[in-house]
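The values are calculated or read from the model by the stated rules, or taken from the named source; none is laboratory data. As the structure is a computational prediction, the values presented were derived from the model and not from experiment. Reconstructed Cβ throughout: ideal geometry from the backbone, glycine too, with neighbour counts over all protein chains shown.
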Amino acid sequence: GLPDPAGVDVVPVGTAVQLREAVLKAAADADAVVMAAAVADFRPASYATGKIKKKDDQEPEPIVLVRNPDILAEISADRARSGQVIVGFAAETDDVLANGRKKLARKGCDLLVVNEVGEHRTFGAEENEAVVLAADGGETPVPHGPKEALAETVWDLVVARLR
């Protein structure tokens, strides 16, 4: 794997439940929380301890899913500190801004970075474009360009809210 970045506390997690615990602990002392991880909405209700073997003439048992914790909504609703700025991300495939605004309202965060995803877009690409929606109604478009430019815009918006 990659080496840990200098000056960064890395907390390895393997599940959304472990991530929730790590985020709640770290958020307690944070002025800003940026939730950039793409956590699955659902997880298997149970796990097999070994390989699930194929049985002649039988279909496999269905996989039952349960909801993962909504970490962004939880930390937004129960902020660890007064004035804490919370940023979420939304990868959308259609009605990008409308769905982003709905998610911003549902999650209760201060800023939501919304971008369109699809084939050859966003994931694995060197460049990106997005719109940063704010709970106060603000909308900051970030034109197609290096992901570093998007990161700078997000941090500028966070810093402005911390003042």
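G100 passes all but one of (1) at positive phi; (2) part of a helix (DSSP H, G or I); which number fails?
All conditions pass for G100, except number (1).
From the list D94, D156, D57, exactly one residue is at pLDDT below 95 and at negative phi. Which is it?
It is D94.
Looking for something in a strand (DSSP E or B), in contact with a Leu (Cβ under 8 Å, 6 or more places away or on another chain) and without any contact (Cβ under 8 Å) to a residue 60 or more places away in the chain - is there at least one such residue anywhere in the stretch 20-33?
no
Of all residues in the stretch 70-99 being more than 13 Å from the chain's Cα centre (by Cα) and within 30 Å of A125 (Cα to Cα), which is surrounded by the most Cβ atoms within 10 Å (Cβ to Cβ)? Walk me through how you get there before you give the answer.
Pass one, the stretch 70-99, residues more than 13 Å from the chain's Cα centre (by Cα): 77-85, 93-99.
Right, trim to within 30 Å of A125 (Cα to Cα) and you get 85, 93-99.
Values: V85: 20, T93: 10, D94: 8, D95: 11, V96: 17, L97: 14, A98: 11, N99: 14.
Within the stretch 70-99, the match that is surrounded by the most Cβ atoms within 10 Å (Cβ to Cβ) is V85.
Using beta carbons and a limit of 9 Å, which pairs, at least six apart or on different chains, have the first residue in the stretch 59-71 and in a strand (DSSP E or B) and the second one among the aliphatic types (A, V, I, L, M)?
Close Cβ pairs (under 9 Å, with a partner that is among the aliphatic types (A, V, I, L, M)) amount to L65/A45; V66/A45.
So A37 fits all but one of (1) touching a helix residue (DSSP H, G or I) at 6+ places or on another chain (Cβ under 7 Å); (2) part of a helix (DSSP H, G or I); (3) under 24 Å from E152 (Cβ atoms); what number is the exception?
Condition (2) is where A37 drops out.
Among the residues of the stretch 110-135, count how many are part of a loop (DSSP other than H, G, I, E, B) and modelled with pLDDT under 95.
Filtering the stretch 110-135 down to residues part of a loop (DSSP other than H, G, I, E, B) leaves 110, 117, 119-120, 122-126, 135.
With modelled with pLDDT under 95 added as a condition, the list becomes 117, 119-120, 122-126.
So the count comes out to 8.
Looking at the structure I just gave you, is R67 of a type in the set (K, R) and surrounded by 12 or more Cβ atoms within 10 Å (Cβ to Cβ)?
no
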